[in-house]
Structures are given as structure tokens and as C-alpha cells.
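Notes for the one structure printed next.
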Amino acid sequence: MLLIYNIANYIYYLLIKLVSFFNKKAAQWIDGRKNQAVNTHQNSIWFHFASLGEFEQGRPVLERLKIVYPDRPIVISFFSPSGYEIRKNTPLADAVYYLPLDTRANARRFIAAINPSMAIFTKYEYWYYYFNELQKQQVPLYIISSIFRPNQVFFKWYGGLHRKMLGMVNHFFVQDDDSRQLLQNLGIDNVTVSGDTRFDRVWANAQQPKDLPLIAEFKNNQKLLVAGSSWPPDEDLLAQLITAYPDWKFIFAPHEIGDDKVSRLMNVLPADATVRFSQIANASKALSNYRVLVIDNIGMLSSLYQYGDAAYIGGGFGAGIHNTLEGAAFGLPVIFGPKYQKFREARELIALQAGFSINNQEELNSIAAKVLGDAGFRNAAGDKARNYVANKIGATEAIVGYIIRED
């Protein structure tokens with residue numbers, strides 16, 4: 001099985017290299033690793049994240065451990081360029097790297113250089129040679145906010161190598177009891193049901209959001225729907241609501257902000273009522289006189305929701321919805337597309353009537369009539385969303401408390 005794993009990793013590398021000739025992210029994946037120099041650290045705390053979403057998920061634990069162990073350098077690694085490129089200069093870390101390809105030699109070199117006192121991986125990432133080297137060096141390895149499902153490779157007849165990786169982990173902090181039970185069925189008992197650190201992150205953000213004066217000026221005390229991480233199928237549906245709800249304003253924060261993507265979005269929105277955030281200074285009228293604002297930058301979304309009265313979360317017509325919890329933490333009812341089943345929080349928000357899934361324009365119109373058109377319904381749904389998040393916080397303290405006791 002290890003031979004197959006090595007071959008699969010090598011094929012993946014070759015495919016990324018091939019795609020890198022015409023894909024910017026793939027080129028960053030290759031070039032970032034090729035040009036990377038890993039500095040020597042002593043007694044570091046190593047956090048690894050697949051991408052930006054996992055960074056935000058693990059961030060509360062990182063921030064707490066940075067306070068608890070101020071003398072230990074924080075080393076962060078990312079697998080994906082979308083995480084590395086945005087957080088490579090984060091003040092939370094002493095060093096940020098791309099994780100080198102998972103080979104025996106790379107794992108030895110990387111771990112020898114950063115010299116971790118502990119390693120903390122978030123949610124999904126499992127790399128055989130890195131786990132094996134950590135175990136050899138007797139470095140504690142923790143997986144936080146992990147979640148397991150029966151269809152994952154760990155629970156298949158051919159998943160022997162991946163089950164072996166699970167055995168290299170010192171402790172799992174899982175999101176739910178279903179995950180604990182799946183691990184227990186494999187004879188793994190070093191598990192704590194701590195919950196999901198994302199709740200801690202979004203709740204903390206909602207308590208002290210960053211002020212955005214231009215957004216307040218745009219809103220101008222009117223009702224506002226924030227469309228976060230939207231994709232073209234989401235945008236085409238939402239565009240139809242703009243004329244139907246003339247008393248509402250709309251913010252679109254598309255998931256991809258390349259010029260071609262933003263231009264396509266602008267073409268489906270009313271030209272005389274829409275302004276791009278980057279063009280506010282050159283706008284032909286006062287910002288408060290526009291009804292639609294397109295956010296063509298990265299990093300504002302988590303603070304935008306404080307100005308909203310309802311939220312639409314994109315991705316549900318593609319691979320799956322994005323983060324529903326950021327909006328819910330601010331007490332916004334959240335609407336999203338049909339592909340939400342993998343996300344427990346989305347299912348639970350729907351059960352509470354704080355989240356609403358739609359399949360087409362007709363269903364969106366029907367939900368909008370309640371969420372946008374009925375203040376009583378909207379406020380009740382928003383309260384349920386906020387309370388849902390508030391009742392789920394606490395994972396960070398459980399995780400950090402355990403790590404401190406074991407250190």
C-alpha cells in the first residue's frame with residue numbers, strides 16, 4: 001500500500017506541474033515549494049493547515065497556545081496556495097511555509113529544521129511520512145476539529161495505510177460523537193468530542209468585528225443582504241431579487257475575484273445601481289445612492305456580515321457551500337444552494353429554521369418572501385442562528401486544556 005501511496009503522490013505532483021503552465025494556483029504550488037528555504041527553529045509549535053478555511057478553523061487554538069507558550073516559535077505550513085499566499089505574512093506566526101511534498105526525505109528535512117515540540121493538524125490532513133517522522137521523533141501529534149464519515153478511506157477494506165496513520169496520532173479532538181464512534185470501531189480510544197473550533201472563531205469575530213465605514217455609508221440604514229463567497233449560479237439567481245426588493249441593498253463578495261469573474265458578475269447586475277469596491281473613489285454618485293456593491297478584494301467578508309440583515313452563502317450549486325457560521329454568528333438567517341449535506345451546521349440550521357436551502361429561482365423567491373419580506377420571520381430566524389452558534393462554543397478551551405496537561 002505504501003508503494004501505491006508513493007506513486008499516487010508522484011502522479012499528483014506531475015499533474016500539478018503540467019497544469020502549472022497555464023494555471024496560476026498550480027504555478028504557485030510548484031514555485032512556492034521550489035524556491036522555499038526552511039529556517040531552523042527550536043522547540044517550535046507546528047500548525048499545519050490544508051488551506052485558508054482550515055487556518056481560520058484552527059486559529060483560536062493557535063492564538064491561545066501563542067499566549068500560553070510565548071517563548072516557543074509558531075511555525076505554520078499550508079498545502080494550498082490559497083492559504084499560503086493570503087497568510088504568509090501573518091503576525092501570528094514566526095514562520096510560514098508550504099508543506100513540501102510528502103516523501104520520506106522531505107519529512108525528515110522539514111521536521112529536523114523546524115524541530116517541533118508538538119504538531120497540530122486541523123480537520124482533514126493526513127500525510128504518512130510526516131506522521132511517521134513525528135512518531136519516530138516522539139513529537140506529540142494532535143488532530144483538532146476532525147470529523148469522520150463512513151465513506152472515508154479509513155473505513156474501507158483498502159484503507160490499511162490510512163488506518164496506520166490514525167495510529168500515529170496522539171489524540172483526536174473530534175467534532176461529534178459519530179466521529180468518536182467510527183474511531184472507536186477501529187479500536188482507537190484516544191479521542192475527545194470537543195466540538196468545532198470554527199464556532200469559537202466566528203463567535204469571537206462577531207463580538208469584536210472590524211469597523212468598515214464605507215460599508216456603513218453604503219448601507220445607509222437600509223436593509224442589506226450579504227452574498228458571501230458567491231459563484232455564478234448563485235449570482236444569477238440573486239440578481240433577480242434586486243428589482244423585486246427595491247427597499248433592500250445587496251453586497252456580493254464573490255469567491256473568485258479575477259477580472260473576468262468580477263466582470264461577468266457586473267454584467268448580470270443593474271449597471272446604474274452597482275459599484276465595485278475598488279472603484280468607490282471614482283464613482284459618479286454618492287456611495288449611499290448605490291443599491292449594489294461588489295467586493296473585489298479578499299479579506300473583508302467576515303466583517304461584512306455585521307452590516308447585514310440576511311445572508312446568502314455561495315457554493316451550493318458547485319462542490320458544496322462555504323462558511324455559513326460567519327453570518328449566523330451575527331444573527332443573520334442564511335440561505336444557500338442544494339449541496340449542503342456534508343455540513344452538519346447547515347443541516348442543523350435548517351432544522352432550526354435559521355438556514356434555508358434552495359434549488360432554483362422559484363424556491364429562492366419563496367424563501368426571500370419570508371426572509372426579506374417578513375421582518376418578524378427574519379428576526380426570529382436570525383435569533384435562532386445566533387443562539388445556535390453561541391451554544392456551540394468551547395472547543396478551543398477543551399483542546400488547549402488537554403494539550404497543556406499533556407505537555
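What follows draws every value from the coordinates through simple rules; no lab data is involved. Keep in mind that this is a model prediction, so the values were computed, not measured. Glycine also receives a Cβ, built like all others from the backbone with ideal geometry; neighbour counts cover every protein chain displayed.
Rounded to whole Hz and in sequence order, give me ³J(HN,Hα) for the range 137-150 from the Karplus expression 6.51 cos²θ - 1.76 cosθ + 1.60, θ = phi - 60°, writing x for Gly and Pro.
Working through the residues one at a time gives 7, 6, 9, x, 10, 10, 10, 10, 6, 7, 9, 10, 10, x Hz.
Within the range 87-130, list the residues whose amide N lies under 19 Å from a label point set 7 Å along Cα→Cβ of M1.
Counting backbone N atoms under 19 Å from the label point, the list is 102-104, 124-130.
Using the C-alpha gyration tensor of the range 206-390, what are the square roots of 5 times its eigenvalues, in whole angstrom, with the largest one first? All intermediate terms of the calculation are to be shown ahead of the outcome.
On the way: eigenvalues 115, 63, 50 Å².
Semi-axes from the Cα gyration tensor: 24, 18, 16 Å.
Quick one: check the C-alpha center-to-center distance for the range 335-407 versus the range 272-332, whole angstrom.
18
Going by C-beta contacts inside 10 Å, put T90, T324 in order with the fewest on the left. The partial results should precede the final answer.
On the way: T90 13, T324 30.
Sorted ascending by nearby Cβ count, the order is T90, T324.
Counting Lys and Arg as +1 and Asp and Glu as -1, what is the net charge of the other residues whose Cβ lies under 12 Å from the Cβ of A107?
On the way: positive: R104, R108, R109, K136; negative: D102, E133.
So the surrounding residues net to +2.
Helix-derived [θ] at 222 nm for the chain: sum -39500 (n - 2.57) over DSSP H runs of at least 4, divide by residue count, nearest 500? Don't skip to the end; give the middle numbers.
On the way: 18 runs with 186 residues, N = 407.
Taking each H run of at least 4 residues, the total per residue is -13500 deg cm²/dmol.
Over 18 Å between Cα atoms: which of K249/K370; K136/K164; K210/K249; K17/K123 fall into that group? Walk me through the numbers on the way to the answer.
Numbers: K249/K370 16 Å; K136/K164 14 Å; K210/K249 21 Å; K17/K123 26 Å.
Check vs 18 Å cut-off fails for K210/K249; K17/K123.
Just need the relative contact order of the chain here, percent rounded to a whole number, with Cα pairs under 8 Å and 6+ apart.
Values: 705 pairs, mean separation 50.0, N = 407.
In percent, rounded to a whole number, it is 12.
K339: which aspartates and glutamates have alpha carbons under 14 Å from its alpha carbon, excluding same-chain residues fewer than 8 sequence positions away?
Partners found: D234.
Using the Karplus equation 6.51 cos²θ - 1.76 cosθ + 1.60 (θ = phi - 60°), what ³J(HN,Hα) coupling, rounded to whole Hz, does each residue of the range 373-386 give in order, writing x for Gly and Pro?
Couplings: x, 10, 4, x, 4, 4, 5, 5, 5, x, 4, 5, 5, 5 Hz.
For the chain, with a Gaussian network of springs between Cα atoms less than 10 Å apart, report the residue from V193, V75, V38 with the top mean-square fluctuation.
Looking only at V193, V75, V38, the biggest GNM fluctuation is shown by V38.
Could you identify which residue out of A227, A329, A283 has the top mean-square fluctuation in a GNM of the chain using Cα springs shorter than 10 Å?
A283
From the list (1) 64, 44, 43; (2) 65, 60, 50; (3) 95, 49, 33, can you say which value of Cα extents along the principal axes in Å was derived from the structure given?
It is the value labelled (1).
Just to confirm a number: summing +1 for Lys and Arg and -1 for Asp and Glu over residues other than R378 whose beta-carbon lies under 14 angstrom from that of R378, what do you get? Let's see the in-between values first.
Values: positive: K223, K370, K384, R386; negative: D247, D309, D374, D383.
Around R378, the charge tally is 0.
Measure out, as a whole number of angstrom, how far apart the alpha-carbon centroids of the range 13-51 and the range 80-127 sit.
With the range 13-51 and the range 80-127 each reduced to a Cα centre, they are spaced 9 Å.
Please arrange Y312, Y128, Y245 by how many other C-beta atoms lie within 10 Å of their C-beta, fewest to most. Provide the component values of the computation, followed by the final result.
On the way: Y312 33, Y128 21, Y245 16.
If I rank by nearby Cβ atoms, fewest first, I get Y245, Y128, Y312.
Convert each backbone phi in the range 347-353 into a coupling constant with the Karplus relation 6.51 cos²θ - 1.76 cosθ + 1.60 (shift: θ = phi - 60°), then list the ³J(HN,Hα) values in order as whole Hz, x for Gly and Pro.
For the range 347-353, the Karplus-derived couplings read 4, 6, 5, 4, 4, 8, 6 Hz, x marking Gly and Pro.
Give the residue list of trypsin sites (Lys or Arg not before Pro) in the range 210-274 that are DSSP loop and have at most 14 other beta-carbon atoms within 10 angstrom.
Values: sites: K210, K219, K223, K249, K261, R264; in loops: K210.
Sparse-neighbourhood loop trypsin sites (Lys or Arg not before Pro): K210.
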